[in-house]
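Nothing in this text is a laboratory measurement; each read-out follows from the coordinates by a stated rule. A quick note: this is a predicted structure, and the numbers were derived from the prediction, not measured. Quick reminder, even Gly has a Cβ in these numbers, built from the backbone with ideal geometry, and neighbours come from all protein chains shown.
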Amino acid sequence: MGGAKRWLEEIEARGWTDLGTTVCSDCVSDEALQRFVQLGGGRAECSYCSRTPEWPDASANTELILELIVDGFRTEYEDPIEQVLYSSADGGYQMAIYDPEDLLEIHEVTENGDLFADLARSITQMEWVPRDPYAASPTQALQWGWEGFRDFVKHRRRYTFLAFDQSTADGAGEIAMHGIPAAVTAAVEEAGQITTLVAGTSWWRVRPHDASKSYSSARDLGSPPDGVARDNRMTPKGIGAFYGASTAAGARAEVAGYAGKSLDGTIGKFALLRDVLVVDLTTAGAIPSLFDPEEGHKRAARKFMHDFVKDVAKIADPSDTQNLDYVPTQIIAEYFRYELHVDEERVGGVIWRSSRDSSVTNCVLFVGNEAMAEQGTGSDVSILALDPKSVARIDAPL
């Protein structure tokens, strides 16, 4: 094989031709590409802005970002030739086709016109479509699957949905209903939504009750016994768990949402006696760049989590007297509880942002009434301790 042929095959395999230019990090818009140019630490004059970069900016051979760009494109796009129907009579490919200029613009690689033009002409593959173009994207599969799951378990099949039933996958690339809890759990892990609440973290809790009654002990104010546990966002009726808020005002506001504007009851502050692993739905991490070789694989999970954390925090419909809106999150939370673990430690709760006050964090900890203790006491099963100085009656309108 001649040298020229080998060279052409190499270009085809890697997907770009040499430019022989230097680019500075300031001429690149994408943060991942900027970071990789900066890591090189070069100080050569940029071919596109004619400046010599100063720290923290740097410069590098343009081929460095070309390799990352093409590799990134290949993770979410592919050549339409093997996948898309082609009809000369109907104008070619029967699907929207992207060229390099389209993809460079969509993914906001650069605002420098000369660099944009050089990158576009250097990329050798001229036609691109989303990978597996007739199927849902990984993000869409999660989003559509979760939307379908919410309706499915509320109105069609609640107690046997985990039985295999491929008919519940409604289209190419979607996830069957029995697979949604596992898929959401995998997305939580992939997106890095697991954190540790350290011992000493405090949570306020309100117990509504008739004004004629009085409660002050940890077991009276903490997780309700299973027999009296009511339906809640993350746990069903009959399964006791600890619900709390990061502030006293937040705890009162949450309880007032179902107990009424004029609230009688008792409030107290509990502190964790040990570290607890939780699913953190207070926020979703930034969606990584398509061109980040270390974090790019998290894009689908992070995109889904941005919608999921908002959905979880929504206020339940007041007209939903049967608490059906809670059913999907109850199922997912229970799946977290028993199937999600890190280094053999199971997840012990979920935290999320209050929809009534975004500065307040709410929690559910999967602990029963027996895990409540008075401050300074406790046993091997104790997880939360009540500060007696925090206990106060609530008998005024919110």
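Remarks
- Calculated P(r) of the chain - Cα pairs past 40 Å, %: 37
- Residue order, fewest to most beta carbons within 10 Å, for 314, 298, 154: 314, 154, 298
- Cα gyration tensor shape of the stretch 3-130, rounded if a/c is under 1.5, else prolate or oblate by comparing a/b with b/c: prolate
- To the nearest ten degrees, helix 299-313 and the longest principal axis of the Cα atoms of the chain are 30 degrees apart.
- Derived scalar couplings between HN and Hα for the stretch 90-106 equal 9, x, x, 5, 8, 6, 4, 10, 9, 9, x, 4, 4, 5, 4, 6, 4 Hz in order, rounded to whole Hz, by the Karplus curve 6.51 cos²θ - 1.76 cosθ + 1.60 (θ = phi - 60°), x for Gly and Pro.
- For the stretch 80-197, the convex hull drawn through the C-alpha positions has a volume of 189 cubic angstrom per residue.
- Ranked packing of 234-246, 383-395, most packed first, by mean Cβ within 10 Å: 234-246, 383-395
- Nitroxide proxy distance, nm - points 7 Å out along Cα→Cβ at residue 216 and residue 50: 8.2
- Neighbourhood net charge (15 Å Cβ-Cβ; Lys/Arg +1, Asp/Glu -1) for residue 285: -2
- Relative packing of peptides 58-68, 104-114 - highest average C-beta neighbours within 10 Å first: 58-68, 104-114
- Rounded to 0.05, the FRET efficiency of the residue 202 and residue 156 pair, given R0 = 56 Å and the Cβ-Cβ distance, is 0.85.
- Residue exposure sequence - 157, 150 - by fewest surrounding Cβ within 10 Å: 157, 150
- Ordering of 189-200, 350-361, 10-21 by burial proxy (mean other Cβ atoms within 10 Å per residue, highest first): 350-361, 189-200, 10-21
- Cut-off 13 Å between beta-carbons: net charge of the residues surrounding residue 52, Lys and Arg +1, Asp and Glu -1: -2
- Taking every alpha-carbon pair in the stretch 195-394 and binning the separations at 5 Å intervals from zero gives 1, 7, 14, 19, 21, 16, 10, 6, 3, 2, 1, 0, 0 percent.
- The chain: most fluctuating residue of 363, 24, 49 per GNM, C-alpha cutoff 10 Å: 49
- Pairs of Cα atoms farther than 18 Å apart, the stretch 110-174, %: 58
- Neighbour-count ranking [beta-carbon atoms within 10 angstrom, fewest first] of 87, 202: 87, 202
- Reciprocal mean inverse distance between Cα atoms of the stretch 203-265 - Kirkwood radius, Å: 12.2
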